[in-house]
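What follows is a set of notes on a single structure, which appears directly below.
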Amino acid sequence: MNIELAKWIPWLPALGAAVCTGVAFAPRRVQWIAAPVCVLSILIGFLITCGIAGGIGYEDVTHQTVTVFQWIHAGTFHADMAYFIDPLTVLMLMVVTGVGTLVAWYACGYMKGDPGYARFFAAVGLFIFAMATLVMADNLVLMYLGWEGVGLCSYLLIGFYYDKPSAVAAAKKAFIVNRVGDLGFAIGIFWTFTTYDTMRIPEIIAA
């Protein structure tokens, strides 16, 4: 399978999340559309991952970079919207998209009749987008954004029932704890850049 198709693995769930967000504002009778849109967007990413896995041997230590577009270039500071594909990345993507598909599929019935049906699937799609970005990132800046996205989606899903004080309290607690982790992550990124003069993960590994 063409490795360039890997760029769609995170963006298909993001597109699904956008569709589900729009459906959330539609009448209740059409909100069922959100479930199949979410499931299919993640499932297609899983199938692409399987296709890529078939062409990568797990004993192979080589990697490939798939660039979506150039992003930040300032001196030696380079951070593109690019994805790092190696056997470990593919293995983690199998987990993210495979388990994500099963969770979304199960939620189709579990969340049936819930007033926030479409809103839930929008958050799930966004979560898979963020998690796939975190796993596939070619550089530490993009990895950090993926991490932030996962934190945001955790907040949205934990506090999904925002009319329940216990859910709101749990969401706030998760949000604050994540901010502590963000600080440590950011310090590590700056320290790595000052040490290796690069943000790109392949160059850091090579060094």
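Observations on the structure shown:
- Value of [θ]222 nm, deg cm²/dmol, for the chain, DSSP H segments ≥ 4, -39500 (n - 2.57) each, nearest 500: -23000 deg cm²/dmol
- Ordering of 5-13, 29-37, 161-169 by burial proxy (mean other Cβ atoms within 10 Å per residue, highest first): 5-13, 29-37, 161-169
- Placed amide H near H78: partners under 5 Å, 5+ positions off or other chain: M199
- Translational diffusion of the range 161-207, estimated by Stokes-Einstein from the Kirkwood radius over alpha carbon pairs at 20 °C in a medium of 1.002 mPa s, is 165 µm² per second.
- Under the Karplus curve 6.51 cos²θ - 1.76 cosθ + 1.60, θ = phi - 60°, whole-Hz ³J(HN,Hα) for the range 95-111, x wherever Gly or Pro sits: 5, 4, 7, x, 5, x, 4, 5, 5, 5, 4, 4, 5, 3, x, 5, 8
- In Hz, Karplus ³J(HN,Hα) per residue of the range 184-194 (6.51, -1.76, 1.60; θ = phi - 60°; x = Gly, Pro): x, 4, 4, 4, x, 5, 4, 5, 4, 5, 5
- Degrees between helix 8-24 axis and first principal axis of the chain (Cα, 0 to 90, nearest 10): 30
- Karplus (6.51, -1.76, 1.60) ³J(HN,Hα), θ = phi - 60°, over the range 80-91, in Hz, Gly and Pro reported as x: 9, 7, 9, 10, 9, 10, 9, x, 5, 4, 4, 4
- Ranked packing of 175-187, 83-95, most packed first, by mean Cβ within 10 Å: 83-95, 175-187
- Top positive-direction residue, dipole computed over the chain with Cβ charges, set M111, V124, F69: M111
- Cβ-placed point charges (K, R +1; D, E -1), dipole of the chain about Cα centre in debye, nearest 20: 1040
- Only Lys, Arg, Asp and Glu carry charge here, each on its Cβ (+1 for the first two, -1 for the last two); on that basis the range 4-111 has a dipole of about 640 debye about its Cα centre.
- Label positions at H63 and L183, each projected 7 Å from the Cα along the C-beta direction, are separated by 3.0 nm.
- Cα pair distances exceeding 20 angstrom across the range 1-94, given as percent: 50
Values in this text are rule-based calculations from the coordinates and carry no lab data. What you are looking at is a predicted structure, and each value in this text was computed from that prediction instead of being measured. Cβ atoms come from the backbone with ideal geometry, glycine included; neighbour counts cover every protein chain shown.
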